[in-house]
Amino acid sequence: MKGFLDIETGGFSITKNGICEIAIVAVDHDLNYVDTFHCLIKPYTRDDDTDELVSYKDDAMAVNSLTVEKLIEFGIDVEVAVEEMYNFIIKHGIVEIIGHNSKVFDVPRIKYLLQRFMSIDLGPLINEDDTMKIAKERLNLASYKLGCLCDHFGIVNTNAHSAVGDALATLELYKKLIA
């Protein structure tokens, strides 16, 4: 099984900026939709000896239309989120994670959370693929951003810059790229 991953964050630092939202769309071997894992994550402390919370940069939060208040109200504790995400991966037998620019951005952050909060090394369990990498190998375009590639292929992402919307768009993009 494959899982299409997307996360939304409060910035670019793995340790200083919080992960706000995670989505994984599970598909079968024929790329048919099976199930979705999705959660918002409450602010949590940094991985150091302080009790300081991770930060959320205004420009990053503006992109994904999330607020710290929304995370506090609707989010779940990071420990619960990580455990539920891991259980979703195991339940669906996901052995490959695919995302857009995920080898550089999403996967390292997910691995960090799993290591930090569950002491699990996801590396040996999961293969990774990246639609940005595939697109760069197969297409000659001015931009390889998810939105530009969706426009190129006529994929409608009705919920862009949300983890679920981008994970579903990445699934559709993957189908186009490997056709």
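Here, each number is a calculation from the coordinates, and none is a lab measurement. Model, not experiment: these values are computed from the prediction. FYI the Cβ positions are ideal-geometry reconstructions off the backbone, even for glycines, and counts take in every protein chain you see.
Quote to one decimal, in nm, the extra length available between Val104 and Asp58 on full extension: 0.36 nm per residue of separation minus the C-alpha distance between them.
Full extension from Val104 to Asp58 adds 14.4 nm.
To the nearest 20 debye, what is the magnitude of the charge dipole of the chain about its Cα centre, counting +1 on the Cβ of each Lys and Arg and -1 on the Cβ of each Asp and Glu?
620 debye
Amide H to amide H under 5 Å from Asp35: which residues, 5+ apart in sequence or cross-chain, H placed 1.01 Å off N in plane?
For Asp35, the qualifying residues are Ala26.
What's the magnitude of the charge dipole for the stretch 1-97 around its Cα centre, counting Lys and Arg as +1 and Asp and Glu as -1 at the beta-carbon? Answer in Debye, nearest 20.
For this selection, approximately 180 debye.
Taking every DSSP beta bridge that has both residues in the stretch 22-179, what percent is antiparallel when rounded to the nearest 5?
Bridges in the stretch 22-179 that DSSP calls antiparallel: roughly 60 percent.
Can you figure out the FRET efficiency of Asn87 with Leu141, using R₀ = 30 Å and their beta-carbon distance, to the nearest 0.05?
0.20
How much length would be gained if the chain were fully extended between Lys16 and Phe153, taking 0.36 nm per residue of separation minus their Cα-Cα distance, in nm to one decimal?
45.8 nm
Thinking of the stretch 1-153 as a set of Cα atoms, what percent of all their pairs are more than 21 Å apart?
47 percent
Give me the extension gain from Ile120 to Leu31: residue separation times 0.36 nm, minus the current Cα-Cα distance, reported in nm with one decimal.
Contour length minus the Cα-Cα distance gives 29.3 nm.
Residues with beta-carbon under 15 Å from that of Ile155, excluding Ile155: net charge, scoring Lys, Arg +1 and Asp, Glu -1?
-1
For Met1 paired with Thr67, estimate the spin-label separation in nm (one decimal), with each label point 7 Å from Cα along the Cα-to-Cβ line.
Each label point is offset 7 Å from its Cα along the Cβ direction, giving 3.6 nm.
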